[in-house]
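Presented below is the structure to which this report refers.
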Amino acid sequence: MRDLTPIIVVIGVFQALVIRQPVDGLLSLVSGGLLVVAGLTFFIFGLRLALFPVGEGLAHSLARKGSVFWLISFAFVLGFGTTVAEPALIAVAGEAAAIAADAKVIERTPEAMDDYALSLRMTVALAVGVALVLGVIRIIMNLSLPLLIIGGYTLVVLLTTIAPPEIIGIAYDSGGVTTSTVTVPLVTALGVGLASSLKGRNPMLDGFGLIAFASLTPILFVLIYGMVV
């Protein structure tokens with residue numbers, strides 16, 4: 001309720017002072033709002049009970065096992081799998097396919113649109129898998145997060161100047177939709193769990209930052225996807 005109150009206040013103020021019209025479907029809005037409150041509550045409890053412990057527990061176990069190969073493999077599969085299942089990415093990829101068909105970039109057939117949306121999702125998922133591999137290597141080798149992020153966004157700017165204009169907006173949005181409900185909890189838990197398991201690593205300083213990679217690499221990969229495909 002605390003998290004939703006600012007949204008309700010803003011909408012209420014604009015409705016009363018700017019639009020100045022009766023609200024259509026008030027009962028539906030109220031019942032929908034109650035469902036949102038219930039959904040967020042269950043979701044937060046689910047994160048605390050399942051996703052965070054699973055991510056941290058697997059990171060601890062793999063770190064104790066001492067196998068860098070399996071740790072990196074787990075990071076890649078985790079990033080790829082959670083991103084493929086990300087609801088926001090599925091929605092954006094479908095919308096991008098519809099717009100591409102309207103712009104005659106692809107044929108307006110269900111098969112062509114499905115292929116475009118799927119290839120875009122696979123590209124972003126691959127990017128997040130690579131991002132987690134880079135993030136894990138950074139934690140293990142104690143590399144500088146700011147330098148890596150600055151270097152990555154410098155490359156993004158350079159690619160933006162030569163990428164097709166039609167793909168630039170989709171690429172930048174792809175960096176945002178990957179950091180959503182499914183991906184963020186598991187990725188954060190992985191980073192914190194790994195940093196907690198390694199001697200000389202501070203979970204507060206080294207455990208976070210993986211989400212930054214997960215936002216950066218999809219932009220790069222989708223820009224390259226647009227240039228190649």
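The values are calculated or read from the model by the stated rules, or taken from the named source; none is laboratory data. Keep in mind that what you see is a predicted model, and the values were worked out from it rather than measured. As a convention, Cβ positions derive from the backbone with ideal geometry for all residues, glycine included, and neighbour counts pool all protein chains shown. Accessible surface areas use protein heavy atoms only, side chains included; no ligands, DNA or RNA. Shrake-Rupley method; radii C 1.70, N 1.55, O 1.52, S 1.80 Å.
Here are some residues: Ala75, Ala59. Which one is under 19 Å from the mean Cα position of the chain (by Cα) and in contact (Cβ under 8 Å) with a residue 40 or more places away in the chain?
Numbers: Ala59 fails: under 19 Å from the mean Cα position of the chain (by Cα).
After ruling out the rest, the residue left standing is Ala75.
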Response to the item:
Of the candidates Leu71, Leu49, Leu62, Leu120, the one satisfying the condition of being under 21 Å from Phe208 (Cα atoms), of a type in the set (A, V, I, L, M) and touching a Ser or Thr at 6+ places or on another chain (Cβ under 9 Å) is Leu62
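Is it fair to say Phe45 is on the phi < 0 side of the Ramachandran plot and more than 14 Å from the chain's Cα centre (by Cα)?
On the way: on the phi < 0 side of the Ramachandran plot: yes; more than 14 Å from the chain's Cα centre (by Cα): yes.
The answer is yes for Phe45.
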Fill in: Of all residues in segment 169-196 being open to solvent by 40 Å² or more (accessible area, probe 1.4 Å) and part of a helix (DSSP H, G or I), the one that is nearest to Leu47 (Cα to Cα)
Val184
Worksheet, complete the sentence: Exactly one of Met204, Met227 is modelled with pLDDT under 85, among the hydrophobic types (A, V, I, L, M, F, W, C) and part of a helix (DSSP H, G or I), and that residue is Met204
Response to the item:
Listed by first then second residue, the pairs whose first member lies in segment 24-50 and is open to solvent by less than 40 Å² (accessible area, probe 1.4 Å), whose partner is aliphatic (A, V, I, L, M), with beta carbons under 7 Å and at least 6 positions apart or on separate chains, are Val37/Met1; Val37/Leu4
Discussion item. Every residue in segment 5-23 that is within 30 Å of the chain's Cα centre (by Cα) and open to solvent by 100 Å² or more (accessible area, probe 1.4 Å), please.
Written reply: Ile8, Ile11
Worksheet item: Which one of these does Ile44 not meet: (1) part of a helix (DSSP H, G or I); (2) farther than 23 Å from Val184 by Cβ?
Response: (2)
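Those residues that are open to solvent by 40 Å² or more (accessible area, probe 1.4 Å) and touching a helix residue (DSSP H, G or I) at 6+ places or on another chain (Cβ under 7 Å), I need them from segment 55-67; list them, please.
Here is the first cut: in segment 55-67, the residues open to solvent by 40 Å² or more (accessible area, probe 1.4 Å) are 56, 58, 60-61, 64-66.
Selection gives Glu56, Leu58, His60, Arg64.
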Worksheet item: When you go through (1) under 15 Å from Leu145 (Cβ atoms); (2) more than 17 Å from the chain's Cα centre (by Cα) one by one for Gly226, which number turns out not to apply?
Response: (1)
Response to the item:
Exception for Val136 within (1) under 20 Å from Ala93 (Cα atoms); (2) open to solvent by less than 10 Å² (accessible area, probe 1.4 Å); (3) hydrophobic (A, V, I, L, M, F, W, C) falls at (1)
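Step by step: first the residues of segment 83-120, then only those that are on the phi < 0 side of the Ramachandran plot and part of a loop (DSSP other than H, G, I, E, B), then the one that is surrounded by the most Cβ atoms within 10 Å (Cβ to Cβ). Which residue is that? Before the answer, list the steps.
We begin by selecting, within segment 83-120, every residue on the phi < 0 side of the Ramachandran plot; these are 83-103, 105-120.
Remaining after also requiring part of a loop (DSSP other than H, G, I, E, B): 85-86, 103, 105-109.
Details: Ala85: 14, Glu86: 24, Ala103: 9, Val105: 16, Ile106: 18, Glu107: 13, Arg108: 12, Thr109: 10.
Residue satisfying both the conditions and the ranking: Glu86.
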Worksheet item: So which pairs qualify, if the first residue must be in segment 202-229 and closer than 20 Å to Ser119 by Cβ and among the aliphatic types (A, V, I, L, M), the second must be open to solvent by 40 Å² or more (accessible area, probe 1.4 Å) and modelled with pLDDT of 90 or more, the Cβ gap must be under 6 Å, and the two must be at least 6 apart or on different chains?
Response: Ile219/Tyr172
